[in-house]
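J.: What follows is a single structure, and I will ask about it in a moment.
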Amino acid sequence: MPDVFADLVGQDEAVDVLRRAAADAAAVLRAGLPDLTAQSDPADPAPTSGSDPAQAGAAERAEREPGAGMTHAWIFTGPPGSGRSVAARAFAAALQCGHGSGCGACPGCHTTMAGTHADVRLVVPDGLSIGVNEMRALVLRAASTPSGGRWQVVVIEDADRLTEAAGNALLKAVEEPPPRTVFLLCAPSIHPDDISVTIRSRCRVVPLRQPAPAAVAEVLVRRDGVEPDVADWAAAAAQGHVGRARRLARDPQARTRRDAVLAVPRQLTGVGAAIDAAAALIGAAEAEAAALVADTDAAERAALETALGAGGTGRRAASAFRGAAGQVKELERRQKSRATRAQRDALDRALVDLAGFYRDALTMALGAPVEPVHTDTATVAGAGARKWEADGALRRLEAVLACRAAIEANVKPRIAVEAMMLALWKG
Ligand SMILES: [Zn+2]
């Protein structure tokens, strides 16, 4: 039976830290210690914090005190697809594991990995932000005594999407944690844009790296039964994003969408073609996102209507439905936010593929001895490299990256993508 950390691809250092922390947490429980805070302060294994005397002190204590490898609040950082949420869930399972190790076989491990453990709460924002009400409710529930006798674990994926008010609600809980509550946050980085400095200062950071293509390919073969040559291709094309690699290897539609994106450079023959290519890219992202959220939206709508008695007849049902207009509005607001997020994510995946193509052209123009990201368009990238030379390839790569940054900064996607396509055409 593989343990709960088995799917954490190419992250040996992080896994070591988490295994030790889980063992220490189990020691705290065995010793019947009432409170973690008595043993340890947050310490940061990153070398940048070495100059901080308070943290150096904590690290020293970690050497000699049992349980000191464990703390109340953690941040998992790393590029998208590196496995932040996989790491957080695995650690949550290890904390609930009856053997204190994350064995993968006991009920604690099993229910946590299946998402049904009573003491593990998972926040997966499906919209653009995590609001204060959601966070307050969560913090309140997290303060209760764990029903399984171990830990109350709160996993917050995409903690960079906390609104300021939600961040403040969380900060209070992290500053004065209930004795048996553990917060696991996931964010792209510890940059203040992603996570507030005050929250970060209360957390131990677990940095994840972008896994090497070989490690990603290995897990696709071992876990998902993908053919080795397909796994190699998908791992390279996904540029270290494990989930993306799996989709490319297994989902023909994902491959078709990628092919369409990688055909863009050849289509840019003039201003009109560039505008058309922009419209096509946006349209494809919208269609992909719509397909992704359609089922959930319909199910939520049906559930709400049933709850409000919309299927019923008579005066009571009619008045109940009128009175519930606010709830319907709230649902529509949430669904719109989720659709926008899904569109941006789909568009971003396309831009990452496109950036990979121009990166290939750049490395070929420079004669750099690295493997291409997209082996299947390497010939086209090579032709581009000869035509544009390194300067032109670099300008185009920068245009794609600028487009991503602009969309992240809330520039309207259509405007950002049109500007990018024109820049890709003109060079
Ligand atoms: Zn276990």
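The values are calculated or read from the model by the stated rules, or taken from the named source; none is laboratory data. Not measured: the values here are computed from a predicted model. Because the Cβ atoms are built from the backbone with ideal geometry, glycine has one as well, and the counts that use them run over all protein chains shown. Just so you know, the surface numbers come from the protein's heavy atoms only, side chains and all, with ligands and any DNA or RNA stripped out. Shrake-Rupley method; radii C 1.70, N 1.55, O 1.52, S 1.80 Å.
J.: I need a count of the residues in the stretch 71-104 that are within 7 Å of the ligand (Cβ to nearest atom) and surrounded by fewer than 24 Cβ atoms within 10 Å (Cβ to Cβ).
T.: Summing the residues that are within 7 Å of the ligand (Cβ to nearest atom) and surrounded by fewer than 24 Cβ atoms within 10 Å (Cβ to Cβ) in the stretch 71-104 gives 5.
J.: What are the residue pairs meeting all of these: first residue in the stretch 408-427, first residue touching a residue at least 24 places away in the same chain (Cβ under 8 Å), second residue of a type in the set (S, T, N, Q) and not in a loop (DSSP other than H, G, I, E, B), Cβ atoms under 8 Å, and 6 or more apart or on different chains?
T.: From the stretch 408-427, the pairs are Pro413/Gln343.
J.: I'd like to verify a number: residues in the stretch 113-134 that are open to solvent by 20 Å² or more (accessible area, probe 1.4 Å) and either touching a Phe, Trp or Tyr at 6+ places or on another chain (Cβ under 9 Å) or more than 15 Å from the ligand (Cβ to nearest atom) (or both), how many? Reasoning before the result, please.
T.: Step one: list which residues in the stretch 113-134 are open to solvent by 20 Å² or more (accessible area, probe 1.4 Å), which gives 113-118, 120-122, 124, 126, 128-129, 131-134.
Among the residues that remain, those that are also either touching a Phe, Trp or Tyr at 6+ places or on another chain (Cβ under 9 Å) or more than 15 Å from the ligand (Cβ to nearest atom) (or both) are: 115, 118, 120-122, 124, 126, 128-129, 131-134.
Total satisfying the criteria: 13.
J.: I would also like to ask the following. So for the stretch 105-112 (the condition being polar (S, T, N, Q), away from the ligand (no atom under 16 Å from the Cβ) and under 30 Å from Asp194 (Cβ atoms)), does at least one residue qualify?
T.: Checked the stretch 105-112: no residue is polar (S, T, N, Q), away from the ligand (no atom under 16 Å from the Cβ) and under 30 Å from Asp194 (Cβ atoms).
J.: I've got another one for you. Could you check Ala166 against (1) away from the ligand (no atom under 14 Å from the Cβ); (2) open to solvent by 20 Å² or more (accessible area, probe 1.4 Å); (3) without any contact (Cβ under 8 Å) to a residue 60 or more places away in the chain and say which number it fails?
T.: Checking Ala166 against (1) away from the ligand (no atom under 14 Å from the Cβ); (2) open to solvent by 20 Å² or more (accessible area, probe 1.4 Å); (3) without any contact (Cβ under 8 Å) to a residue 60 or more places away in the chain, the one that fails is (2).
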